[in-house]
Structure formats: C-alpha cells, structure tokens
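First comes the structure, then the notes that go with it.
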Amino acid sequence: MSEQIEGRNAVLEAFRSGRCVDKLFVLDGCQDGPVRTITREARKKDTIINYVSRERLDQLSETGAHQGVIAQVSAYEYSTVEDILAKARERDEPPFIFVLDNIEDPHNLGAIIRTANLAGAHGVIIPKRRAAGLTATVVKASAGALNYTPVAKVTNLVKTIEELKEKGLWFVCADMDGETMYRLNLTGPIGLVIGNEGEGVSRLVREKCDFTASIPMYGDIDSLNASVAAGVLAYEIVRQRYNAGGIVK
C-alpha cells in the first residue's frame with residue numbers, strides 16, 4: 001500500500017473510505033472549504049494534524065501536486081489493546097506486551113516488532129504522538145512479523161498502563177539507572193517498556209512502571225540501540241518465563 005496520499009480529493013476519500021491515516025499535513029493558514037472538510041474528517045478520526053509551511057509540504061511531496069494537504073497512511077491496520085490480551089488468552093499464557101515510548105525511527109520500530117514476535121510477545125503498543133507509525137519502512141524492517149504481531153496505537157500511554165495494571169499486568173522499563181535485569185523477577189503478566197535512544201522512557205511513563213531494569217555493560221560506551229536493548233531485555237524475560245514453566249516448547 002502507498003504510505004502517502006496527496007491532493008484534496010484523494011486525501012478526503014482516504015478518510016471517508018476508512019483508511020487509517022497516521023498524520024495529516026495541512027498548509028498553515030489555508031481555510032477554504034475543501035481543506036476545512038478534510039480537517040473535520042481528520043478530527044473525527046482523532047488523526048494528528050500538523051499545520052506546516054508551503055516549503056515543508058513541498059519537501060514532503062512525492063508528486064509535486066499536494067494542493068496543500070498530504071496524508072501519511074498506515075501500511076497495516078492497527079489492532080486494539082484488547083486484541084493483544086485476547087491473543088494471550090488464546091495461547092493460555094500470561095500476557096507479554098511491548099510498550100514503546102516515542103520510538104520515532106521506523107527501522108527501530110520494525111526491528112522491535114520483529115523481536116517481539118520472535119520472543120513470543122502477544123503484541124506491541126505505541127503512542128499516537130511523537131512516534132513512528134506502521135509505514136512501509138516499518139513493514140520491511142519487521143521482516144514479516146507484522147503479519148502475526150498485533151500493534152495497537154493509543155492516545156495516552158500512561159492511562160493504558162494504568163488500565164493494564166488493573167488487569168494484573170506489571171511493568172518494567174529499561175533505564176540505565178535501574179536494577180540489573182538479572183536481579184529482577186520478570187515472570188508473570190508483564191509489559192516491557194522501551195524508550196527512545198535520546199531521552200529514554202519519559203518521566204510520566206517511568207513513574208507508572210513497577211521496576212526499572214538496567215542491562216549490564218562492560219564496554220567503553222554507555223548505551224545500546226533501542227531495538228537491541230529491547231531484544232536483550234525481552235530474552236531475559238523469555239529465559240525467566242521458560243525456567244518458570246510459563247513457556248512450553
């Protein structure tokens with residue numbers, strides 16, 4: 001599927017046909033009827049609207065005929081958090097969910113979804129804002145994992161974590177200042193929270209986590225790529241679940 005739609009009629013039809021639009025870019029200051037109709041449809045779908053300059057639209061445009069509007073659409077349909085929990089119930093396993101806090105690099109997102117699938121996670125949750133969506137780049141980087149691993153997009157990560165904690169999940173986030181991962185009990189229904197490489201897990205999300213886990217590092221630099229960190233922590237969870245009898249292979 002195309003990951004970008006340009007032009008007023010094409011963008012309006014994308015909304016009206018039910019396409020999943022991640023972001024809408026609109027020429028700042030444009031208030032004519034067709035554009036107002038498009039932004040009204042976008043608000044109905046709770047789509048992120050970015051008002052930008054003509055120069056920015058021209059940079060984004062692939063056709064040179066954007067007519068003041070560009071929509072970035074999802075290459076895959078999003079699932080819901082309930083879909084992820086249902087997958088755990090179908091497998092008769094305690095839920096294992098990846099929660100990604102502001103992962104903006106699509107290659108990292110795709111790689112993490114791939115790891116989530118291989119580690120037996122039941123799904124991935126991403127935020128609506130300040131995060132990569134399911135673009136064609138993400139699909140390619142996931143190496144097919146998106147066909148099997150549900151990804152849910154939520155408006156508020158903090159609220160989602162609170163709701164999942166009420167359902168019995170507990171959460172561990174990756175943080176350099178956390179407890180060494182080998183010393184933590186990572187069995188049972190769990191959410192693994194991974195932040196972006198620059199800022200890590202945001203303060204509000206981190207405060208909702210039950211534990212913070214650090215990865216032992218013995219080299220000369222002090223950080224891992226977000227997707228690598230996700231893989232290391234995920235497989236420590238896999239190891240502990242396996243030893244506890246939570247995974248049968």
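Take L24 and tell me if it is surrounded by 13 or more Cβ atoms within 10 Å (Cβ to Cβ), aliphatic (A, V, I, L, M) and within 24 Å of G195 (Cβ to Cβ). Spell out how you get there, then give the answer.
Values: surrounded by 13 or more Cβ atoms within 10 Å (Cβ to Cβ): yes; aliphatic (A, V, I, L, M): yes; within 24 Å of G195 (Cβ to Cβ): no.
No.
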N243 open to solvent by 50 Å² or more (accessible area, probe 1.4 Å) and more than 27 Å from T80 (Cα to Cα): yes
Can you report the number of residues in region 140-152 which are farther than 20 Å from K87 by Cβ and exposed (fewer than 15 other Cβ atoms within 10 Å of the Cβ)? 1
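Could you grab me the full set of residues in region 20-40 that are among the hydroxyl-bearing types (S, T, Y) and in contact with a helix residue (DSSP H, G or I) (Cβ under 8 Å, 6 or more places away or on another chain)? Reasoning before the result, please.
Initial filter on region 20-40 (among the hydroxyl-bearing types (S, T, Y)): 37, 39.
T37 - this is the single residue of region 20-40 that is among the hydroxyl-bearing types (S, T, Y) and in contact with a helix residue (DSSP H, G or I) (Cβ under 8 Å, 6 or more places away or on another chain).
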Scan region 127-156 for residues that are closer than 15 Å to A75 by Cα and in a strand (DSSP E or B) and jot them down. V151, A152, K153
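Residue by residue, here is whether (1) at positive phi; (2) of a type in the set (F, W, Y) holds:
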residue: G68; (1), (2): yes, no
residue: D83; (1), (2): no, no
residue: E93; (1), (2): no, no
residue: F98; (1), (2): no, yes
residue: A111; (1), (2): no, no
Among the residues of region 201-220, write down those that are surrounded by 15 or more Cβ atoms within 10 Å (Cβ to Cβ), over 21 Å from the mean Cα position of the chain (by Cα) and among the hydroxyl-bearing types (S, T, Y). S214
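If I filter region 59-82 down to residues being among the hydroxyl-bearing types (S, T, Y) and within 16 Å of V21 (Cβ to Cβ), which single residue comes out as most open to solvent (accessible area, probe 1.4 Å)?
We begin by selecting, within region 59-82, every residue among the hydroxyl-bearing types (S, T, Y); these are 61, 63, 74, 76, 78-80.
If we keep only those that are within 16 Å of V21 (Cβ to Cβ) as well, we get 74, 76, 78.
Details: S74: 3, Y76: 64, Y78: 44 Å².
Top of the filtered list is Y76.
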So K128 ticks every box in (1) out of contact with any helix residue (DSSP H, G or I) (no Cβ under 6 Å at 6 or more places or on another chain); (2) modelled with pLDDT under 90; (3) within 21 Å of N225 (Cα to Cα) but one. Which box is left unticked? (3)
Considering only region 189-215, state which residues are assigned to a loop (DSSP other than H, G, I, E, B) and farther than 19 Å from V124 by Cβ. G198, E199, D210, I215
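Each row is one residue, and each column tells you yes or no for (1) touching a His at 6+ places or on another chain (Cβ under 9 Å); (2) open to solvent by less than 10 Å² (accessible area, probe 1.4 Å).
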position	(1), (2)
A116	yes, yes
V154	no, no
E166	no, no
F171	no, yes
R183	no, no
E199	no, no
A230	no, yes
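The values are calculated or read from the model by the stated rules, or taken from the named source; none is laboratory data. Small disclaimer: the values here were computed from a predicted structure and weren't measured. Positions of Cβ are generated from backbone atoms using ideal geometry, with glycine treated the same way; all protein chains shown enter the neighbour counts. Ligands, DNA and RNA are stripped out before the accessible areas are found, and what is left, the full protein with its side chains, is counted by its heavy atoms. Shrake-Rupley method; radii C 1.70, N 1.55, O 1.52, S 1.80 Å.
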